[in-house]
1. Name, by its number, the condition in (1) modelled with pLDDT of 95 or more; (2) in a loop (DSSP other than H, G, I, E, B) that does not hold for ILE252.
2. Restricting the search to the range 365-410, which residues are at pLDDT below 95 and at positive phi?
3. Return the residues of the range 59-78 that are within 11 Å of the ligand (Cβ to nearest atom) and not in a helix (DSSP H, G or I); say none if nothing qualifies.
4. Considering only the range 411-442, state which residues are modelled with pLDDT under 95 and under 24 Å from the mean Cα position of the chain (by Cα).
5. If you take the residues in the range 72-98 that are among the aliphatic types (A, V, I, L, M) and either more than 27 Å from HIS462 (Cα to Cα) or modelled with pLDDT under 90 (or both), which one is surrounded by the most Cβ atoms within 10 Å (Cβ to Cβ)?
6. Name the residue, out of LEU268, LEU282, that is under 22 Å from the mean Cα position of the chain (by Cα), closer than 24 Å to ASP236 by Cβ and more than 16 Å from the ligand (Cβ to nearest atom).
7. Return yes or no: is ILE468 under 30 Å from LEU369 (Cα atoms) and either modelled with pLDDT of 95 or more or in contact with a Gly (Cβ under 7 Å, 6 or more places away or on another chain) (or both)?
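The values are calculated or read from the model by the stated rules, or taken from the named source; none is laboratory data. Please read all numbers here as calculations on a predicted model, not as lab measurements. Cβ atoms come from the backbone with ideal geometry, glycine included; neighbour counts cover every protein chain shown.
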Amino acid sequence: MKQIFAQGLYTGEKWIHSPLIELNDVGEIVAITEAKTPQAVGAKSPHKAEVRPGYFLPGLVNAHSHSFQYAMVGRSEFITTTDTQNDFWTWRRAMYHLALSLSKEAIQAITTKLYSELLCHGYTEVVEFHYLHHDVDGSRYSNSTAHIEALSLAALESGIRLTIVPVYYAQGNFSKTASSDQQRFLFSSTNEYREFLTAARETLERAQVGMHILGKTPRLRLGWGIHSLRAVDAKDIQTLFADRPNSGPMHIHIAEQAKEVEDCKEALGARPVEWLLSNCELTANDCLVHATHLTESETKNLATSAAQVVLCPTTEGNLGDGFFPIESYAAEGGRWSIGSDSHINLSPWEELRWLDYQARLRTRSRNPLAIFADDGHSGTYLWQNAWANGHKATDESDQGQLGRSGRALSPGVPFDAIYMEDEHLKQTPPEMILDYLIFHAGSAAVQETYVQGRRLVKEAQHGQLQSINQQFASHLREVWKGLWPKTH
Ligand SMILES: [Zn+2]
């Protein structure tokens, strides 16, 4: 039994002042009791409970990650004299060069470093939208799930919870033959994809058992994914949506780029979201990533569907994608979560700040989203959506603890939490703490991160930092040694 006494704790739904938090040996919450001092709630002595002068909050879910892209952050922020334009498609060429250079070992080292950093910023769970399936020329590995294994080991070493979404990718742009640099991503048929999912599930189960992980909530999970409407035949998209299991999430990129919308209209006779809503029955497990380019009717129909969108504001900003119509989507009750996607930024606080600021800049007003929070605070609206819907992007419905509220910190729930502290925060009224964290302090106030009661981050540093950094540095050096001339 472990006891922690803190200044405050946000369960995800309400604040508890001066809580004594009690955890059992498998990292689940036994009790959270409100009191002024540890003695007053029966802690055996004030010294037995660890004392924290700041605040605990539930960890957040990063609902969209391509971990390998972390290797190229900051390396595509320039133009060359031969560039006629510089946009998403220019960035994608550089990203393909990177994707075709990575070994299984490099993927594992880069991902481990990324996941350890995500923990330091306040995420306790990540959804990996994974499409680097095969060897660089498209030939199959003898162990077909070699990369699934690498990602699992990265999650287990860093300690983060991971949902892997192996992605079905089968063609170039809307029925065009895939290019030579897309071979690594391709499955030959939906049958091959299903067989891969079966093998991936076995790999995850082996990894989880091998690590002797205790606790009721699995550390590794599996979802289904379709890369995009452009990368999969329309009939196969309908089949996969119809056949997906009832549990587990389904993720798909959609309407990120204006060109993609125009190509979709030509190929399928409808805009991407319009087509998906009319041709596939969406459920609460479905996550539409980006959905940037929407008409008014698409916005309304998507918001009132069962699905949610996964917004990646800093990546969408970095790639010049466009603005998601958050005010009209929120006004219709639309649900959303956040992801760091290309990892140009790792802070969930910054993702939320960007989402809010782009709405302020467009509407030339302050707090345009606060109207959608019960307490009238922008921070509450932003944090609650990211938290509660983020958990649905990993699908924990089998845990029986999800409602609108996600997985509130309460007895019986694994202690997946972050501890935040700074001098300004200590003087901030509880009802303004989420505002303060999102609009000011952000990741800088994250001091500790716990997953299943295990403290993985202490004094703002991951416990395995040294060995993780060593592996990461040597692989990153090798990767860029070979790549630099091609991308610059
Ligand atoms: Zn993506």
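1. (2)
2. Across the range 365-410, the qualifying residues are ASP395, GLY400, GLY406.
3. Correct list: ALA63, HIS64, SER65, HIS66.
4. VAL413, PRO414 - these are the residues of the range 411-442 that are modelled with pLDDT under 95 and under 24 Å from the mean Cα position of the chain (by Cα).
5. If we filter the range 72-98 for residues that are among the aliphatic types (A, V, I, L, M), which is where we start, we get 72-73, 79, 94-95, 98.
Then keep just the ones that are either more than 27 Å from HIS462 (Cα to Cα) or modelled with pLDDT under 90 (or both); that gives 79, 94-95.
Values: ILE79: 9, ALA94: 16, MET95: 20.
Here the residue is MET95.
6. Result: LEU282 is the single residue among LEU268, LEU282 that is under 22 Å from the mean Cα position of the chain (by Cα), closer than 24 Å to ASP236 by Cβ and more than 16 Å from the ligand (Cβ to nearest atom).
7. Values: under 30 Å from LEU369 (Cα atoms): no; either modelled with pLDDT of 95 or more or in contact with a Gly (Cβ under 7 Å, 6 or more places away or on another chain) (or both): yes.
It is false that ILE468 is under 30 Å from LEU369 (Cα atoms) and either modelled with pLDDT of 95 or more or in contact with a Gly (Cβ under 7 Å, 6 or more places away or on another chain) (or both).
Listed here are the residues, each with its yes/no results for (1) modelled with pLDDT under 95; (2) away from the ligand (no atom under 16 Å from the Cβ); (3) crowded, with 21+ Cβ neighbours inside 10 Å.
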position	(1), (2), (3)
SER328	no, yes, no
ILE338	no, no, yes
HIS343	no, no, yes
GLU350	no, yes, no
ARG353	no, yes, yes
ARG360	no, yes, no
